[in-house]
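The values are calculated or read from the model by the stated rules, or taken from the named source; none is laboratory data. Owing to the predicted nature of the structure, the values given are computational and were not obtained by experimental measurement. Here the Cβ positions follow ideal geometry from the backbone for every residue, glycine too, while neighbour counts run over all protein chains shown. Quick note on the areas: whole protein, heavy atoms, side chains included, nothing else; ligands and nucleic acids left out. Shrake-Rupley method; radii C 1.70, N 1.55, O 1.52, S 1.80 Å.
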Amino acid sequence: MKQCKLFALLLISPLFLVLNSVHAQVLNFYYGNLHAHSIYSDGNKDSATSHASIPYHDYQFAKTALHFNFLGISEHNHQGAGMVRSNYAKGLQQADSANQDGMFVSMYGMEWGVTGPPGGHVLVYGVNQLIGWDSIGSVPNYDVYNAKLDYAGLFTKIARTPGAFACFAHPDNTDYDTLFANAVNTTHDSAIVGSAIRSGPAFSTDTTYMDSTNTSYEIRYKDALKRGYHLGATLDHDNHYTTFGKMAASRTVVLSPSLSRADIMESIRNMRTQASDDWNVQVTFKVNNKPLGSILTDTANPNITVTVFDPDLEPTSNIVITYGIPGSGISPATLTSSTTGSLTYTHSIPTGASYYYYAVITQLDGDKIFTAPVWVNKVSALPVKLLEFKANKRKNGIGCSWKTASEWNADYFALERSINAKDFVEIIQLSATNTSAVVAYEWLDEMKMTSPIVYYRLKQVDRDGTIHYSNIVFVRNDLKTENNVTIVPNPFENELTFSFDEKPEKPVHYTFYNAMGEQVYALTTPAGQESIIRLPKHIATGLYTVSIQSGELHLSKHLFKQ
């Protein structure tokens, strides 16, 4: 979740209370690319010779690239670039099949929009439906309609989709309905998490890591920051040929606690990103010991630290700290610099001031690394701070849990519920406790909900009447979790065993689909037993999805036949 963008720092009265200490999260460096295309839009232009014709092949190719931990394929969203609605669903499925948490992360999304002016391309991830405007004949070529140049509508849809985010692909100054010339829109800001510093060359066929781009969109990065947007720096390859990870040594760097899709996407949403011309350099940038992407409210002056480590021992020639005032409309400027591989600097600012800071590192060979900013608001005393907010489905309701720290000047707190992520109703209100200790709380919502998805948010009201909202969390209320069944072996040859945590009370229907989404086999087994299935020998080696249905149980699993 894009952290504290609305400075949503909340509390709610406890049903139980626990005091403990909070430890700093360890962040690792992971390298990849968020912008690429498969044959489903206008990529894999060399498919006849590369034999890469679907996203699954592209992920497998990317796994062989050096210093490359993740790949995002972002298909053009409209038929003019080759996208059809059914292929978008297949791409999502293939990304799930190719993803290997701990080894390589595969993500699938869209590049929404057209080149302008007017126009602009936006990378969208976490929306598992195709957003579009065109039709093929009389058939809509989209799952969710959004008019062709309606960027306000697009950003609003992304902001209202839990877990979704947007990045600027190769921004021009007039793109996105002249976003860079206008004051920040807070709804748009909650959707947008990144902006490319470099992009391309999109139609390179190089696979020797030598075709780096010299384009620069740093001015658009500065434009967004000076308008008050909160976003990190990214670097795109925009591959249209089978060159994923091998066209250039440049990378988007994500600082994440682990190499899992959930953590990588959460880290991107939290703007813990860097745009790097170097494929393995490690830049640690902190303000008051908080990592890049942080939005801080602090009583202390900003203390900035930068350290640079390159495993290849390439020397650093320069570190520049750039700073500005969010929402001022004034471009950021240089605050301080260093000609060594590290820097420490304290910026004395008055109480009530707000600044953002980011680092630009230049290596001796000319490679540059741009970090995401840290935003700092200096106050006389700390407000309420929300450490986490979660909701989980339970047998007798939905449990909402959260942790708070540094509560100050808070009047009362409320938990709110919604069935559409837009219209919220208050379900409980309690007084604040105003303590500096770390406090863990839990509330059980026992209301019987028929909506397939239930959304929650926290509201905190200060003593002066100021209202702060948390991020929105959601719970699926309609499906059982996928760990109701275990399938072994996987990969398999011909025989599979399906073991259920709870034996199904009704017959189980199994339907097998190939990587193109075509049904290849189906059967039904009796209720209440473990299933051993032998697939016909004519089924070829490759990727498959099995759909499992039994009464209210509906789930799918990905398999690979050897």
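Observations, loosely collected:
- Test: residue in segment 310-320 that is of a type outside the set (A, V, I, L, M, F, W, C) and under 30 Å from Ser380 (Cβ atoms): no
- Among the residues making up segment 114-149, those that are closer than 28 Å to Leu235 by Cβ and open to solvent by 30 Å² or more (accessible area, probe 1.4 Å) are Thr115, Gly116, Pro117, Pro118, Asn128, Gln129, Lys148, Leu149.
- Residues (among the small types (Gly, Ala, Ser) and part of a helix (DSSP H, G or I)) located in segment 223-252: Ala224
- Out of Thr205, Thr215, sole residue that is more than 30 Å from Asn420 (Cβ to Cβ), of a type in the set (S, T, N, Q), touching a Lys or Arg at 6+ places or on another chain (Cβ under 6 Å) and open to solvent by 10 Å² or more (accessible area, probe 1.4 Å): Thr215
- Selection status of Val360, of a type in the set (A, V, I, L, M), surrounded by 14 or more Cβ atoms within 10 Å (Cβ to Cβ), closer than 29 Å to Ala249 by Cα and in contact (Cβ under 8 Å) with a residue 40 or more places away in the chain: yes
- So Leu255, is it in contact (Cβ under 8 Å) with a residue 24 or more places away in the chain, part of a strand (DSSP E or B) and surrounded by 17 or more Cβ atoms within 10 Å (Cβ to Cβ): yes
- Checking each residue in segment 266-285 for being within 13 Å of Asn69 (Cβ to Cβ) and part of a loop (DSSP other than H, G, I, E, B) picks out Trp279, Asn280.
- The residues listed here are Phe512, Phe498; of these, the one that is closer than 15 Å to His554 by Cα, under 31 Å from the mean Cα position of the chain (by Cα), of a type in the set (Phe, Trp, Tyr) and open to solvent by less than 50 Å² (accessible area, probe 1.4 Å) is Phe512.
- Any hit, segment 321-335, residues being farther than 21 Å from Arg227 by Cβ, in a strand (DSSP E or B) and open to solvent by 10 Å² or more (accessible area, probe 1.4 Å): no
- Taken over segment 53-93, residues that are touching an Asp or Glu at 6+ places or on another chain (Cβ under 9 Å), assigned to a helix (DSSP H, G or I) and crowded, with 22+ Cβ neighbours inside 10 Å amount to 3.
- Options Gly32, Gly91: the member that is farther than 21 Å from Val114 by Cβ and either at pLDDT below 95 or under 20 Å from the mean Cα position of the chain (by Cα) (or both): Gly32
- Strands (runs of 3 or more DSSP E) fully within segment 395-491 that include at least 2 residues being surrounded by 12 or more Cβ atoms within 10 Å (Cβ to Cβ) and acidic (Asp, Glu): 410-418, 439-445.
- Answer residue from segment 104-156, given it is among the hydroxyl-bearing types (Ser, Thr, Tyr) and part of a loop (DSSP other than H, G, I, E, B) and is nearest to Gln79 (Cα to Cα) among those: Tyr142
- Of all residues in segment 53-111, those satisfying the criterion of being touching a Ser or Thr at 6+ places or on another chain (Cβ under 8 Å) and β-branched (Val, Ile, Thr) are Ile54, Ile73, Val105.
- Close pairs (7 angstrom Cβ cut-off, 6 or more residues apart or separate chains): under 17 Å from Glu416 (Cβ atoms) in segment 460-472, part of a loop (DSSP other than H, G, I, E, B) and modelled with pLDDT of 80 or more anywhere: Ile472/Pro162
- Verdict on Arg220 being open to solvent by 20 Å² or more (accessible area, probe 1.4 Å), in contact with a Pro (Cβ under 6 Å, 6 or more places away or on another chain) and either within 30 Å of Phe61 (Cα to Cα) or outside any strand (DSSP E or B) (or both): yes
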